[in-house]
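First the structure, in the form of structure tokens, and then the observations on it.
The values are calculated or read from the model by the stated rules, or taken from the named source; none is laboratory data. Keep in mind that this is a model prediction, so the values were computed, not measured. Positions of Cβ are backbone-derived with ideal geometry, glycine not excepted, and every protein chain shown enters the neighbour counts. These accessible areas exclude ligands, DNA and RNA; they are computed on the full protein's heavy atoms, side chains included. Shrake-Rupley method; radii C 1.70, N 1.55, O 1.52, S 1.80 Å.
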Amino acid sequence: MDARTIIAGVRDGKGLPAKSAKWFADGLASGDVTDAQAGAFAMAVYLNGLSEEERVGWTCAMRDSGRVLQWNLPGPVIDKHSTGGIGDSTSLLLAPALAACGACVPMISGRGLGHTGGTLDKLEAIPGYRCDVTIEELNRLVAEIGCAIVGASADIAPADRRLYGIRDVTGTVESIDLITASILSKKLAAGLEALILDVKVGSGAFMKNMDRAEALARSLVDTANGAGCKTAALITDMDQPLASSAGNALEVLEVMETLTGVAVNQALWDVTVALGGEALALAGLAEDAGEGADQIEEALESGRAAETFGRMVAALGGPTDFVERYPDRLPAAPVLFDVTAEADGFIAEIDGEALGHAVVHLGGGRLRGGDRINPSVGLSEIMPIGEPVEAGEAIVRIHAANPGDAEKAREVVLAAIRITPDEPDEPPLIHQRIG
């Protein structure tokens with residue numbers, strides 16, 4: 001067996017047998033497969049696709065290219081994955097809420113990708129928070145606290161680590177087969193019993209239309225279940241930011257206000273509760289998603305989720321009094337600038353991707369790998385679609401490192417938000433359940 005034969009088989013529509021998938025994934029991890037061969041393989045998959053059976057086989061081969069975790073924990077091991085959006089900080093609410101309901105949540109998360117924010121970048125806005133831990137430490141933390149949100153170690157799905165960068169430079173990022181295997185190889189390597197997926201659709205998502213979002217959701221759900229992990233997906237709206245803030249410290253601030261009941265963001269709350277209800281039902285901790293949602297709401301309303309979050313932050317190196325003193329502990333940008341409406345009317349349309357890029361260019365994301373992030377910058381008080389406004393009224397507040405950056409962001413924000421005289425229809429928060 002060799003790379004050339006495997007690539008030719010996929011190219012010529014002969015498929016990808018399980019043995020070939022394993023050989024190629026192991027070769028990606030070991031370096032026996034060259035970058036040129038990896039790129040040719042990705043293009044062959046992009047052009048011809050994989051059958052459902054082949055997609056399961058390829059995903060499992062990617063999973064098995066590194067370490068597959070096994071747990072000794074007091075409850076079912078479950079997790080959540082989002083395909084990425086703007087102002088989407090549900091992981092920070094959901095992990096402690098699930099833990100407060102008896103689940104064990106070793107949430108292995110990632111950093112920002114393109115215009116979308118990353119969970120680890122948000123948590124690192126908390127002074128001292130440490131995302132890199134050993135598997136043994138992760139096991140101990142989850143056993144003691146119920147959850148820990150950390151980064152993946154280098155031995156988790158190394159084949160995906162290799163292929164991920166190659167897809168970016170070979171024009172094959174959009175392949176649903178490759179996206180599915182990339183996402184699930186890492187999640188399945190985490191040894192999960194159940195997984196809930198949040199597939200975003202809209203202007204701020206990677207999937208801009210419902211057909212693509214539904215295709216990805218079905219691929220993810222069918223593949224994960226085929227690999228033995230109980231999985232369902234919700235397709236949720238990203239035609240506007242989920243929360244009213246976008247930017248690392250600003251999103252953590254909004255999460256803490258929601259966790260502590262100071263100022264609950266209803267959209268953020270509703271998506272978290274819906275995802276959590278599905279996860280608890282999948283894990284057997286609730287009779288159905290409705291009962292699970294009630295449990296998640298109780299965990300949030302009672303303060304048990306906030307307490308769990310505080311214990312997690314302290315255990316991972318953050319302030320021991322973070323829940324009580326979070327406004328003082330989070331970094332703040334020196335320049336605040338309000339973007340104001342240029343006419344009376346209603347917020348009718350928001351280009352979420354443009355707002356995401358504005359945050360990146362303020363310093364809140366990476367233009368290149370290795371760029372340092374300024375956790376304090378971003379956007380807050382983003383008016384939602386359907387909100388009435390008057391000329392001169394603030395529609396977004398910019399948090400910037402200097403006036404020049406604020407002015408550049410102002411131009412982007414104004415172009416990204418359309419105001420019309422007529423009140424628009426508001427998009428539904430949750431479009432569909434798959435699985």
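Would you point out the residue of region 177-200, among those that are at pLDDT 95 or above and of a type in the set (Val, Ile, Thr), that is farthest from Leu282 (Cα to Cα)?
Result: Thr180.
Could you please find all residues in region 150-174 being outside any helix (DSSP H, G or I) and open to solvent by 10 Å² or more (accessible area, probe 1.4 Å)?
Correct list: Gly151, Ala152, Ser153, Ala154, Asp155, Thr170, Gly171, Val173, Glu174.
Would you check which residues across region 274-292 are in contact with a helix residue (DSSP H, G or I) (Cβ under 7 Å, 6 or more places away or on another chain) and not in a loop (DSSP other than H, G, I, E, B) and list them?
Correct list: Ala274, Leu275, Gly276, Gly277, Glu278, Ala279, Leu280, Ala281, Ala289, Gly290, Gly292.
Take the residues in region 209-230 that are touching a Lys or Arg at 6+ places or on another chain (Cβ under 9 Å) and open to solvent by 10 Å² or more (accessible area, probe 1.4 Å), then tell me which one is nearest to Gly435 (Cα to Cα).
The qualifying residue nearest to Gly435 (Cα to Cα) is Asp222.
Taking region 27-44, which residues are surrounded by 13 or more Cβ atoms within 10 Å (Cβ to Cβ), more than 13 Å from Pro158 (Cα to Cα) and among the small types (Gly, Ala, Ser)?
Ala38, Gly39, Ala40, Ala42, Ala44
Within region 75-95, is there a residue that is more than 23 Å from the chain's Cα centre (by Cα), at pLDDT below 95 and either farther than 30 Å from Leu253 by Cβ or open to solvent by 10 Å² or more (accessible area, probe 1.4 Å) (or both)?
yes
I'm trying to understand the selection: among the residues of region 101-143, which are open to solvent by less than 20 Å² (accessible area, probe 1.4 Å), assigned to a loop (DSSP other than H, G, I, E, B) and closer than 13 Å to Met312 by Cα?
Ile126, Tyr129, Cys131
Report, ordered by the first and then the second residue, all pairs with beta carbons closer than 7 Å, sequence separation of six or more or different chains, a first member in region 372-387 that is surrounded by fewer than 21 Cβ atoms within 10 Å (Cβ to Cβ), and a second member that is modelled with pLDDT under 95 and of a type in the set (Phe, Trp, Tyr).
Close Cβ pairs (under 7 Å, with a partner that is modelled with pLDDT under 95 and of a type in the set (Phe, Trp, Tyr)) do not exist here.
Any residue in region 269-285 that is within 13 Å of Leu234 (Cα to Cα) sitting within a Cβ distance under 6 Å of a residue that is among the hydroxyl-bearing types (Ser, Thr, Tyr) and open to solvent by less than 10 Å² (accessible area, probe 1.4 Å)? List the pairs, counting only those 6 or more apart or interchain.
Matching pairs, first to second residue: Val271/Thr90; Val271/Thr236; Thr272/Thr90.
Quick grid of which residues meet (1) under 23 Å from the mean Cα position of the chain (by Cα); (2) more than 30 Å from Arg311 (Cα to Cα):
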| residue | (1), (2) |
| --- | --- |
| Ala358 | yes, yes |
| Gly364 | yes, no |
| Ala391 | no, yes |
| Ala401 | no, yes |
| Pro424 | no, yes |
| Gly435 | yes, yes |
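Does Asp338 count as charged (D, E, K, R) and assigned to a helix (DSSP H, G or I)?
no
Among the numbered criteria (1) closer than 23 Å to Asn225 by Cα; (2) part of a loop (DSSP other than H, G, I, E, B), which single criterion is violated by Tyr46?
For Tyr46, the exception is condition (2).
Being more than 11 Å from the chain's Cα centre (by Cα) and either assigned to a helix (DSSP H, G or I) or not basic (Lys, Arg) (or both) is the filter here; which residues of region 198-214 pass it?
Matches in region 198-214: Val201, Gly202, Ser203, Gly204, Phe206, Met207, Asn209, Met210, Asp211, Arg212, Ala213, Glu214.
Could you check region 124-180 and list, in sequence order, the residues that are within 30 Å of Ala40 (Cβ to Cβ) and of a type in the set (A, V, I, L, M)?
Ala152, Ala154, Ile156, Ala157, Ala159, Leu163, Ile166, Val169, Val173, Ile176, Leu178, Ile179
Among His361, His431, which is the only one that is out of contact with any His (no Cβ under 7 Å at 6 or more places or on another chain), under 29 Å from Met210 (Cα atoms), part of a helix (DSSP H, G or I) and open to solvent by 40 Å² or more (accessible area, probe 1.4 Å)?
Being out of contact with any His (no Cβ under 7 Å at 6 or more places or on another chain), under 29 Å from Met210 (Cα atoms), part of a helix (DSSP H, G or I) and open to solvent by 40 Å² or more (accessible area, probe 1.4 Å) holds for just one of His361, His431, which is His361.
Output yes when any residue across region 337-353 is surrounded by fewer than 21 Cβ atoms within 10 Å (Cβ to Cβ) and among the hydroxyl-bearing types (Ser, Thr, Tyr), and no when none is.
Checking region 337-353: at least one residue is surrounded by fewer than 21 Cβ atoms within 10 Å (Cβ to Cβ) and among the hydroxyl-bearing types (Ser, Thr, Tyr).
Looking at Ile145, Ile126, Ile149 in this structure, which one is in contact with a strand residue (DSSP E or B) (Cβ under 6 Å, 6 or more places away or on another chain), over 29 Å from Gly57 (Cβ atoms) and not basic (Lys, Arg)?
Ile149
Please state which of the following conditions Phe206 fails to meet, knowing it meets all the rest: (1) under 26 Å from Ser153 (Cβ atoms); (2) open to solvent by less than 20 Å² (accessible area, probe 1.4 Å); (3) of a type in the set (A, V, I, L, M, F, W, C); (4) touching a residue at least 60 places away in the same chain (Cβ under 8 Å).
All conditions are met except number (2).
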